[in-house]
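Report on one structure; see the data block that follows.
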Amino acid sequence: MKQVIITGASTGIGFDLTRTLCEKGFRVWACVRKPESIERLAKDYSENLRVLKMDVTNSHDIKHAFKSVQTELNPDTELILVNNAGIASGGPIEGIDLDEWRRVFDVNVFGMVEMTKAFLPLIRSTKGRIINIGSISGRVAAPFLGPYTASKFAVKAFTDSLRREVANFGVRVSLIEAGPIRTEIWSKSIDVSDQVLNKCSTEVRTAYGPMMSSMRESVVATAKDAVPVQVATDAILHAIQSHLPRVNYLIGKNIKLQANLMKFMSTKMVDRLIKKSLRYHRS
């Protein structure tokens, strides 16, 4: 049976994937910042689930996780890394501190890079797989989500480079490009964005406030229309199990249609659509 390492396993896609893989008898290492968050799973699946305390922005945690996996690894069985850990944040670019940009990139990009670098020797030796969780936001940059969308564009580029580098070793690399999925990231991102806006100067809040309000309403409406987390889990399962995993998995309501439309639309057309969605017009 294949062996799978999952980052960000305490909630959302990571938690659902961990539970599903354990139910199917996979050997799983679940990486979480707070082990108590999946204590029940650890008890229910103690034979094939190992919980590793890890913050993907902490090099010491990653090295410790690597040693644990290396010790327990079956070298004759495929090892798969699912880089799922991620956070969302937004606000007007003019008002977002560089520290906030660094926080988002540390988790969404550099954490993914460091995890991949650490485990790639084991993955190469077992001819395993790497599955990165990206977003449709890695193709279309929405306003007021600058740090998040920029990080997801970086994830897509990183995945493309990685896939082309390791193909000769028999290592498969897939990118999950998800649209709205029903997870906790929506409420968390709204809260963080509100905090960012509250820290902005009066001038910035006055200038961007109406558009931010429209964006917030759009996010809330989109979250209500999001697809169940099982949709993402099913796509990742295909990338794990299939003899011919896809390079890209576009998942979510109308996401394939949106991605295809974007290929034929000019940048100005996309800009106009986004502007219309924000109900914003110059005075």
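The values are calculated or read from the model by the stated rules, or taken from the named source; none is laboratory data. Model, not experiment: these values are computed from the prediction. All Cβ positions, even for glycine, are placed from backbone atoms using ideal geometry, and neighbour counts span all protein chains on display.
Numbers for the structure displayed
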item: All positions within the stretch 44-61 that are out of contact with any strand residue (DSSP E or B) (no Cβ under 9 Å at 6 or more places or on another chain) and assigned to a helix (DSSP H, G or I); result: Asp44, Ser59, His60
item: Residue in the stretch 194-208 that is surrounded by 18 or more Cβ atoms within 10 Å (Cβ to Cβ), modelled with pLDDT of 95 or more and either among the hydrophobic types (A, V, I, L, M, F, W, C) or in contact with a Leu (Cβ under 8 Å, 6 or more places away or on another chain) (or both) present; result: no
item: Residue list for the stretch 20-65, filter: touching a Ser or Thr at 6+ places or on another chain (Cβ under 7 Å) and small (Gly, Ala, Ser); result: Ala30, Ser37
item: Count - residues of the stretch 75-115 that are in contact (Cβ under 8 Å) with a residue 60 or more places away in the chain and of a type in the set (Asp, Glu); result: 4
item: In the stretch 11-44, residue surrounded by the most Cβ atoms within 10 Å (Cβ to Cβ) [restricted to those that are at pLDDT 95 or above and hydroxyl-bearing (Ser, Thr, Tyr)]; result: Thr18
item: Condition broken by Asn168, with the remaining ones in (1) part of a helix (DSSP H, G or I); (2) more than 29 Å from Gln70 (Cα to Cα) satisfied; result: (2)
item: Residue list for the stretch 74-94, restricted to those being of a type outside the set (A, V, I, L, M, F, W, C) and surrounded by fewer than 20 Cβ atoms within 10 Å (Cβ to Cβ); result: Asn74, Pro75, Asp76, Thr77, Glu78, Glu94
item: Hits in the stretch 68-126 - residues which are part of a loop (DSSP other than H, G, I, E, B), hydroxyl-bearing (Ser, Thr, Tyr) and touching a helix residue (DSSP H, G or I) at 6+ places or on another chain (Cβ under 9 Å); result: Ser89
item: Ala223 being over 26 Å from Arg129 (Cβ atoms), buried (at least 18 other Cβ atoms within 10 Å of the Cβ) and among the small types (Gly, Ala, Ser); result: no
item: Condition check for Leu244: part of a loop (DSSP other than H, G, I, E, B) and either surrounded by fewer than 16 Cβ atoms within 10 Å (Cβ to Cβ) or among the acidic types (Asp, Glu) (or both); result: yes
item: Hey, Arg182 under 29 Å from Val113 (Cβ atoms) and touching a strand residue (DSSP E or B) at 6+ places or on another chain (Cβ under 6 Å) or not; result: no
item: Residue, farthest from the chain's Cα centre (by Cα), within the stretch 56-106, restricted to residues that are within 29 Å of Met215 (Cα to Cα) and of a type in the set (Lys, Arg); result: Arg102
item: Residues being in a loop (DSSP other than H, G, I, E, B), of a type in the set (Gly, Ala, Ser) and closer than 30 Å to Val270 by Cα - total across the stretch 127-141; result: 3
item: Those residues of the stretch 247-271 which are part of a loop (DSSP other than H, G, I, E, B) and either under 13 Å from Gly179 (Cα atoms) or free of Cβ contacts under 8 Å to residues at least 60 places away in the same chain (or both), in sequence order; result: Gly252, Lys253, Asn254, Met265, Ser266
